[in-house]
1. Pick from the range 140-158 the residues that are among the hydrophobic types (A, V, I, L, M, F, W, C) and surrounded by 11 or more Cβ atoms within 10 Å (Cβ to Cβ): which of them is nearest to Asp113 (Cα to Cα)?
2. Looking at the range 163-178, can you tell me whether even one residue there is of a type in the set (Phe, Trp, Tyr) and within 15 Å of ligand 1 (Cβ to nearest atom)?
3. Looking at the range 17-55, which of the residues that are among the small types (Gly, Ala, Ser), under 27 Å from Leu3 (Cα atoms) and part of a helix (DSSP H, G or I) is farthest from ligand 2 (Cβ to nearest atom)?
4. Does any residue of the range 40-52 turn out to be near ligand 1 (Cβ under 9 Å from one of its atoms) and farther than 16 Å from Thr174 by Cβ?
5. Any residue that is closer than 20 Å to Arg36 by Cβ, without any contact (Cβ under 8 Å) to a residue 24 or more places away in the chain, within 14 Å of ligand 2 (Cβ to nearest atom) and under 17 Å from the mean Cα position of the chain (by Cα) - is there at least one of those in the range 138-159?
6. Quick one: count up the residues across the range 18-43 that are touching a residue at least 60 places away in the same chain (Cβ under 8 Å) and within 15 Å of Val125 (Cα to Cα).
7. Looking at (1) assigned to a helix (DSSP H, G or I); (2) within 10 Å of ligand 1 (Cβ to nearest atom), can you tell me which one Gln69 breaks?
8. Scan Ala49, Ala76, Ala112, Ala37 and give me the residue that is touching a helix residue (DSSP H, G or I) at 6+ places or on another chain (Cβ under 7 Å) and on the phi < 0 side of the Ramachandran plot.
Amino acid sequence: MNLILMGAPGAGKGTQSEKISEKWGIPAIATGDILRAAIKAGTALGKTAKSYIDDGKLVPDEIVIGIIQEYLTSDACKNGFILDGFPRSIPQAEALDAMGVRIDAVLALEVADEKIIKRMSGRRVCTCGASYHVDYKPSRTEGICDKCGAALYVRQDDAPETVTKRLTTYHAQTEPLKAYYAAKGLLVTVEGQEEVTDTTRLVFEALAKFTV
Ligand code: ADP
Ligand code: ZN
């Protein structure tokens, strides 16, 4: 199963991709996590990416396309994968097609902008890729990752002004992908719920018809 997960920033893609990854035993590839790891490591890629991310913009297509190509051709992806955060623009989707990568389904998580803005202020993340929310998905010990024990932090791009910019970027550059994949008969839409478990149930129901 080769799956694309799309949705506005903070719609819950990371959380749901974790659930799908556990259930199906396929890796989730999150371009945002890869870019943040590069920033932390201080690589040239990280330095370039940081200026775009902190400004609520997309990192240039060539950069993320290169990253994705490297991952998708690795052995870990041979039984399937979940793309979380890629493609995020029409040129990225076209590049994926040009690589000859088969996509089985595109799941769009729908959450209204007002809710996103509220959610983002409570988001806490870990360098291992895990993410939490102080109200909706708290870690067992406050401020500490359940998975790896590291200290949780607030992403710099979760500042309210940047969230607004990211939403604008999403509507302008990423949302057109819904029509792109609907035209290929691949799009399935799920409304994000207040409770993570409710969303997960709807996600699994929606994907069931693609896994037979
Ligand atoms: P969210 O979905 O919550 O916005 P991500 O971790 O997926 O968070 O992405 C964080 C930032 O990383 C984005 O705002 C963007 O700047 C950059 N980014 C991630 N994936 C891509 C991509 N496919 N193309 C361009 N930029 C990307
Ligand atoms: Zn962790």
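1. Among those residues, the one meeting the criterion is Val154.
2. Yes, the range 163-178 has at least one match.
3. Step one: of the range 17-55, the residues among the small types (Gly, Ala, Ser) are 17, 21, 25, 28, 30, 32, 37-38, 41-42, 44, 46, 49, 51.
Filter once more, so that each one left must be under 27 Å from Leu3 (Cα atoms): 17, 21, 25, 28, 30, 32, 37-38, 46, 49.
From the residues that got through so far, the ones that are part of a helix (DSSP H, G or I) too are 17, 21, 32, 37-38, 46, 49.
Values: Ser17: 15, Ser21: 15, Gly32: 15, Ala37: 12, Ala38: 18, Gly46: 19, Ala49: 21 Å.
Once the filter is applied, the top-ranked residue is Ala49.
4. yes
5. No, every residue in the range 138-159 fails to be closer than 20 Å to Arg36 by Cβ, without any contact (Cβ under 8 Å) to a residue 24 or more places away in the chain, within 14 Å of ligand 2 (Cβ to nearest atom) and under 17 Å from the mean Cα position of the chain (by Cα).
6. 6
7. Among (1) assigned to a helix (DSSP H, G or I); (2) within 10 Å of ligand 1 (Cβ to nearest atom), Gln69 violates only (2).
8. Ala49
The values are calculated or read from the model by the stated rules, or taken from the named source; none is laboratory data. This one's a predicted model, so the numbers in the text were calculated from it and none came from an experiment. Cβ atoms come from the backbone with ideal geometry, glycine included; neighbour counts cover every protein chain shown.
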